[in-house]
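The values are calculated or read from the model by the stated rules, or taken from the named source; none is laboratory data. This one's a predicted model, so the numbers in the text were calculated from it and none came from an experiment. Counting neighbours? That spans all protein chains shown, and the Cβs are built from the backbone with ideal geometry, glycine included.
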Amino acid sequence: MVRVNKDGYLVIPCPKCGDHHTIVGGWNFREHLRRIHSMRKAAATKLYKNIKGQAGAPHRSQVRQLKVRSSKTALLTLTRSHQWTDKMVYILAANKSHKYENGRSRILYIGTTKKGGNRPAASAVNKASEAFYKLRGVRTIDVHIVTCAPRRAMQTWRRLESALLDVFRNKYFELPRYNKVRPTTREGLFNTDALEKIISGFDV
């Protein structure tokens, strides 16, 4: 007798071995006939189809249904803005502050889209996901975008990332929690007071 188990797979008794030898799933059943009973592929497939046809299609009630759930509140909200570009800097800020050598800040990471990638939102979300798994007490992480005017033949967004990291390190004596490498900075390209104001905006 062919039946359906709790996972929705056909359980087929092998006619050559008897009811005591049961094979789960059509593919496994055909392989059993070929390897154990030395049947050709075409013959094994034909026998499987005949047994399956005699049993008929499994009734819906025989298959265990999976539970479906939806979050009650939005877990990710994207706001339309002209600042969403493929060449930008973003700051990840947690709902609670993180302790650094010289103070506390909500900033966890300062980064940029890799090589001008065309999925800036995905880049920020992927990095934020790391923090959720590793930091206790962090319930929300905000993504703030920082941009600057372009300049010909210059990757200004990368220079901006380096400048922000340099200001952060000078203020807290270390890099943000999830930044590992300190990029080389070039003085004079950005207003230091403006950068410090951005970083200080995440103080507690």
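Looking only at segment 106-119, decide whether some residue is in contact with an Asp or Glu (Cβ under 9 Å, 6 or more places away or on another chain) and part of a helix (DSSP H, G or I). Yes, the conditions are met somewhere in segment 106-119. Are there any pairs with C-beta distances below 8 angstrom linking a residue in segment 60-83 that is farther than 28 Å from I145 by Cβ to a residue that is of a type in the set (V, I, T) and modelled with pLDDT under 80, with the two at least 6 apart or on different chains, and if so which? Short answer, once both residue conditions are applied: Q62/V4; V63/V4.
When the residues of segment 141-182 are filtered to those that are assigned to a strand (DSSP E or B) and in contact with a strand residue (DSSP E or B) (Cβ under 9 Å, 6 or more places away or on another chain), the one that is surrounded by the fewest Cβ atoms within 10 Å (Cβ to Cβ) is D142. Out of all the residues in segment 172-195, which are of a type outside the set (V, I, T) and within 32 Å of the chain's Cα centre (by Cα)? Listed by number, the residues that qualify are Y172, F173, E174, L175, P176, R177, Y178, N179, K180, R182, P183, L195.
Okay, residues lined up against (1) at pLDDT 75 or above; (2) in contact with a Gly (Cβ under 7 Å, 6 or more places away or on another chain); (3) among the small types (G, A, S):
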residue	(1), (2), (3)
D19	no, no, no
K46	yes, no, no
K49	yes, no, no
A55	no, no, yes
P58	no, no, no
Q65	no, no, no
